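Worksheet: one structure, shown below.
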Amino acid sequence: MPEAAGTAADAAVLMGFDYGTRLIGVAVGNTITRTATALCSVRAEQRQQRFEAISSLLAQWRPARLVVGLPLSRDEGAEQARSAQARRFANQLHGRFGLPVALVDERYTSRIAEDGGAPDVDAESARLILEQYLQSPSA
């Protein structure tokens, strides 16, 4: 007998990222509670160390999907120079780890994290990005 939607059989862990050129915020969440928790920030300057740190987090949490914040202009929601960097990072995640990657509009997440007094603004931004995805119908 198939289980009803929303049961433990449908549960999936997801990992969210707020990409930056110096730091990458990381959060983890799940599809049952549709909430996320800020984890940490990963130094982004050196590619090898960045992906080693991410690989370690992926091994620990074993997410089914990754979510990356997509920077868009505040007014029109158009893509900007940083959007291409975030898309490239999302493509690198998919290529290296073989997991599906979703992109989510990340407008105002850093501002909300800063205004909320988050001790790690980048990780908190990743949490907001991931929760936005988790609360969407596509999650």
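Being of a type outside the set (Val, Ile, Thr), modelled with pLDDT of 95 or more and in a helix (DSSP H, G or I), is that true of even one residue in the range 60-83?
Looking through the range 60-83, at least one residue is of a type outside the set (Val, Ile, Thr), modelled with pLDDT of 95 or more and in a helix (DSSP H, G or I).
Listed residues Ser56, Ser41; which is hydroxyl-bearing (Ser, Thr, Tyr) and assigned to a helix (DSSP H, G or I)?
Ser56
For the range 12-23, does any single residue satisfy the condition of being of a type outside the set (A, V, I, L, M), at positive phi, out of contact with any Ser or Thr (no Cβ under 9 Å at 6 or more places or on another chain) and part of a loop (DSSP other than H, G, I, E, B)? Steps first, please.
Pass one, the range 12-23, residues of a type outside the set (A, V, I, L, M): 16-22.
From what is left, the residues that are at positive phi are none.
The answer is no, given that none of the residues of the range 12-23 is of a type outside the set (A, V, I, L, M), at positive phi, out of contact with any Ser or Thr (no Cβ under 9 Å at 6 or more places or on another chain) and part of a loop (DSSP other than H, G, I, E, B).
Just checking, does the range 90-99 include any residue being surrounded by 14 or more Cβ atoms within 10 Å (Cβ to Cβ), touching a residue at least 40 places away in the same chain (Cβ under 8 Å) and not in a helix (DSSP H, G or I)?
Yes - at least one qualifying residue is present in the range 90-99.
Being over 16 Å from Ala139 (Cβ atoms) and either crowded, with 17+ Cβ neighbours inside 10 Å or not polar (S, T, N, Q) (or both) narrows it down to one residue among Ile112, Ile32; which is it? Can you show your working first?
On the way: Ile32 fails: over 16 Å from Ala139 (Cβ atoms).
Just a single option satisfies the conditions, and that option is Ile112.
Being among the charged types (D, E, K, R) and under 18 Å from Val42 (Cβ atoms) narrows it down to one residue among Asp75, Asp120; which is it?
Only one candidate qualifies: Asp120.
From the list Asp10, Asp18, pick out the single residue that is modelled with pLDDT under 90 and out of contact with any Leu (no Cβ under 6 Å at 6 or more places or on another chain).
Numbers: Asp18 fails: modelled with pLDDT under 90.
Going through Asp10, Asp18 in turn, just one is modelled with pLDDT under 90 and out of contact with any Leu (no Cβ under 6 Å at 6 or more places or on another chain): Asp10.
With in contact with a Pro (Cβ under 7 Å, 6 or more places away or on another chain), crowded, with 17+ Cβ neighbours inside 10 Å, closer than 14 Å to Ile24 by Cα and modelled with pLDDT of 95 or more as the only criterion, which of Ala86, Ala53 stands out?
Ala86
Return the pairs, sorted by first residue and then second, in which the second residue is aliphatic (A, V, I, L, M) and assigned to a helix (DSSP H, G or I), the first residue lies in the range 113-127 and is farther than 14 Å from Met15 by Cβ and free of Cβ contacts under 8 Å to residues at least 12 places away in the same chain, the beta carbons are less than 9 Å apart, and the residues are 6+ apart or on different chains.
Pairs that qualify, where the first residue is farther than 14 Å from Met15 by Cβ and free of Cβ contacts under 8 Å to residues at least 12 places away in the same chain and the partner is aliphatic (A, V, I, L, M) and assigned to a helix (DSSP H, G or I), are Glu114/Val121.
Looking for something more than 15 Å from the chain's Cα centre (by Cα), of a type in the set (Asp, Glu) and farther than 18 Å from Leu58 by Cα - is there at least one such residue anywhere in the range 98-114?
Looking for residues that are more than 15 Å from the chain's Cα centre (by Cα), of a type in the set (Asp, Glu) and farther than 18 Å from Leu58 by Cα, one finds at least one in the range 98-114, hence yes.
The values are calculated or read from the model by the stated rules, or taken from the named source; none is laboratory data. Being a predicted model, the structure only gives us computed values, none of them experimental. No Cβ is skipped: glycine too gets one built from the backbone with ideal geometry, and neighbour counts run over all protein chains shown.
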